Amino acid sequence: MLILGIETSCDETSAAVVKDYRKVLSNVIHTQIPIHVEYGGVVPEIASRNHLVKISEIVDAALEEAGVSLSDIDAIAVTRGPGLVGAVLVGLNYAKALAYSLKKPLIGVNHLKGHLLSPLLSYPELKAPFMSLVVSGGHTYIALCKDYDDIKILGSTRDDAVGEAYDKVARTLGFEYPGGPKIDAAAKLGDRTKIPFPRTYLEEGSYDFSFSGIKSAVLNYVHNSNQRGQEINSNDVAASFQEAVLEVLVSKSIAASLEYSMKDLVVSGGVAANSRLRELMTAESEKHGIDIYYPEFEYCTDNAAMIAAAGFYVQVSEDGALDMNADPSLGLG
Ligand code: KG4
Ligand code: ZN
């Protein structure tokens with residue numbers, strides 16, 4: 001069975017062909033990052049327009065790379081949320097038109113479920129149940145994946161998503177958008193013990209997160225240093241900020257895995273590309289006999305292969321109607 005996946009929820013236009021749940025035949029990604037860099041973040045209207053310009057070309061490229069034609073495709077899976085509503089609508093309407101003209105089923109996929117299941121593409125042997133940490137530019141979740149369509153949210157962010165905190169701190173330090181990879185690189189050159197930024201654990205036993213406090217703490221640190229005429233070392237700030245955020249992410253994910261007796265912990269979303277997160281996660285998980293699974297880099301940030309793969313686990317009758325609408329704030333679970 002072949003599913004064509006389409007993803008346009010933020011600033012990547014992507015199309016992919018996935019065969020039988022996990023075999024990626026193509027995954028074509030066009031990123032708009034160079035367009036949004038000059039604005040310091042994604043401009044929704046510009047994102048929608050560029051999806052519109054690129055979508056046909058990207059879908060054609062995905063079919064060609066997979067060596068299949070539209071008539072070979074069994075169903076079309078498309079992101080229906082969460083995301084920027086204008087951006088989601090471009091992919092959704094394109095997918096609807098394809099499904100209607102080809103008389104093929106349309107599957108609406110939750111973008112977060114795509115991230116959550118993305119490690120399945122890299123690890124064919126991985127099976128539910130597992131614990132999952134989803135860390136992206138818009139979302140931060142610890143979720144128990146009991147089965148592929150039975151997901152229980154244990155905790156989420158009460159304010160900023162972790163990637164958003166990275167991007168905002170990066171802007172304070174004068175790094176270009178997207179800031180996550182720049183902080184990752186700068187932190188390697190800095191002293192992570194230099195500045196004692198707060199670790200926000202919230203109430204005892206809570207799997208929720210809050211990143212607005214540390215974001216303000218970094219802002220205040222930079223502001224106060226500037227006022228005193230002291231030069232700041234961006235590498236030290238990046239390393240100290242990142243350490244404070246990652247310690248909390250890692251310890252809560254491990255605690256959840258232990259509480260629910262999950263041996264497998266899956267980490268996905270754009271921030272899963274972070275090198276220090278991987279180092280800390282590996283060190284902590286080894287202490288507790290937990291196995292960690294990360295998607296390969298091309299499946300960490302937004303991509304259509306994860307949407308097609310998740311499409312295999314969505315009941316078409318639930319979400320397959322052509323009157324399906326985009327849902328910009330669709331939750332997980
Ligand atoms: O999953 P994603 O591509 O888009 C959303 O669905 O949000 O995640 C993008 C986020 C951005 O905030 C970006 O700064 C962050 O992932 N990111 C990173 C790294 N690579 C991307 N954050 C920290 N370290 C990285 N290496
Ligand atoms: Zn995403």
**Request:** Select from Arg228, Arg192, Arg80 the residue whose mean-square fluctuation is largest in a Gaussian network model of the chain (Cα-Cα springs shorter than 10 Å).
**Result:** Arg228
**Prompt:** So how compact is region 64-189: Cα radius of gyration and Dmax in angstrom?
**Reply:** 18.1, 55
**Prompt:** Taking the highest mean first, how do the peptides 67-75, 289-297, 132-140 order by number of other beta carbon atoms within 10 angstrom per residue?
**Reply:** 132-140, 289-297, 67-75
**Asked** Equivalent-ellipsoid semi-axes (√(5λ), Cα gyration tensor) for the chain, whole Å, largest first?
**Response** 35, 23, 16
**Asked** Relative contact order for the chain: what is it in percent, counting Cα pairs under 8 Å that are at least 6 residues apart?
**Response** 26 percent
**Asked** Exposure proxy check: Val78, Val250, Val88 ranked by fewest other beta carbons within 10 Å?
**Response** Val250, Val88, Val78
**Request:** Grab the beta carbon distance between Val37 and Phe297, set R0 = 25 Å, and tell me the FRET efficiency rounded to 0.05.
**Result:** 0.80
**Item:** Cα-based Rg of region 192-333 normalised by 2.2 N^0.38 Å, two decimals
**Value:** 1.33
**Asked** Under 14 Å from the 7 Å Cα→Cβ point of Glu286, by amide nitrogen: which residues of region 167-188?
**Response** none
**Message:** Given contacts defined as C-alpha pairs under 8 Å and at least six residues apart, what's the relative contact order of region 128-286, whole-number percent?
**Reply:** 30 percent
**Request:** Note down the magnitude of the dipole of the chain about its Cα centre, charges +1 on Lys and Arg C-beta and -1 on Asp and Glu C-beta and zero elsewhere, to the nearest 20 debye.
**Result:** 280 debye
**Complete:** Along the dipole axis of region 236-317 (charges at Cβ: +1 for Lys and Arg, -1 for Asp and Glu; origin at the Cα centre), the most positive-end residue among Gly311, Val266, Cys300 is Gly311
**Asked** What full-extension length gain, to one decimal in nm, is calculated for Glu45 and Asp74 as 0.36 nm per residue of separation minus the Cα-Cα distance?
**Response** 7.2 nm
**Prompt:** Modelled label-to-label distance, Gln230 and Asp150, 7 Å Cα→beta-carbon offset: nm?
**Reply:** 5.5 nm
**Request:** Identify the residues of region 154-172 with backbone N under 19 Å of a label point that sits 7 angstrom from the Cα of Ser206 along the Cα-to-Cβ direction, or state none.
**Result:** 154-163, 165
**Fill in**
The extension gain from Tyr100 to Ala185, computed as 0.36 nm times the residue separation minus the Cα-Cα distance, is 26.0 nm
**Prompt:** So, by mean Cβ neighbours within 10 angstrom, what's the order for 207-213, 117-123 with the highest one leading?
**Reply:** 117-123, 207-213
**Item:** Cross-link reach list, lysines versus Lys168, counting only Cα pairs under 27 Å and skipping chain neighbours closer than eight places
**Value:** Lys113, Lys182, Lys188, Lys194, Lys215, Lys252
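We did not get these values from a lab; they are worked out from the coordinates using the rules stated. Fair warning: this is a prediction, and the values are worked out from it, not measured in the lab. As a convention, Cβ positions derive from the backbone with ideal geometry for all residues, glycine included, and neighbour counts pool all protein chains shown.
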